[in-house]
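K.L.:
Pasting a structure below so you can have a look.
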Amino acid sequence: MKASNTLSPQWSHDLFNENVFSVTTYQQQLADYIFENHDWGNENFDFINEAQNIFDADWKLQVSDAVSWIGLELTSEYLNYVSQINNPAKQQYILDFRNKINDAKNNCQ
């Protein structure tokens with residue numbers, strides 16, 4: 001997000017403007033932010049192709065959701081999220097997602 005200049009000084013306040021911390025609220029706010037602000041057109045073709053094969057037409061929404069769970073893997077909410085995925089290929093893709101994005105387009109400096 002930083003590389004594509006979509007962050008503003010207000011972004012963290014807007015994202016986390018909650019009175020009570022909730023993993024679910026935090027995760028959903030992150031997913032929404034990623035979905036709305038990520039530069040999807042500049043992703044690696046192989047990454048896009050695999051994501052489309054796993055998630056079909058709503059791949060961007062599903063990828064945003066998966067990325068938003070990174071860092072929350074040790075929470076009970078994450079375990080619930082993963083356990084509710086009843087497609088083995090999709091579940092494995094989610095479980096391996098941290099490694100998937102390491103191979104995606106990265107222009108960070």
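Throughout, read-outs are computed from the coordinates displayed, never taken from laboratory work. These figures come from a predicted structure and were not determined experimentally. Because the Cβ atoms are built from the backbone with ideal geometry, glycine has one as well, and the counts that use them run over all protein chains shown.
K.L.:
Restricting to the range 88-102, what's the tally of residues that are exposed (fewer than 13 other Cβ atoms within 10 Å of the Cβ) and not polar (S, T, N, Q)?
P.N.:
3
Yes/no matrix, rows are residues, columns are (1) within 26 Å of Asn42 (Cβ to Cβ); (2) in contact (Cβ under 8 Å) with a residue 24 or more places away in the chain:
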position	(1), (2)
Asp56	yes, no
Leu61	yes, yes
Ile70	yes, yes
Thr75	no, yes
Asn87	no, no
Tyr93	yes, yes
Asn99	yes, no
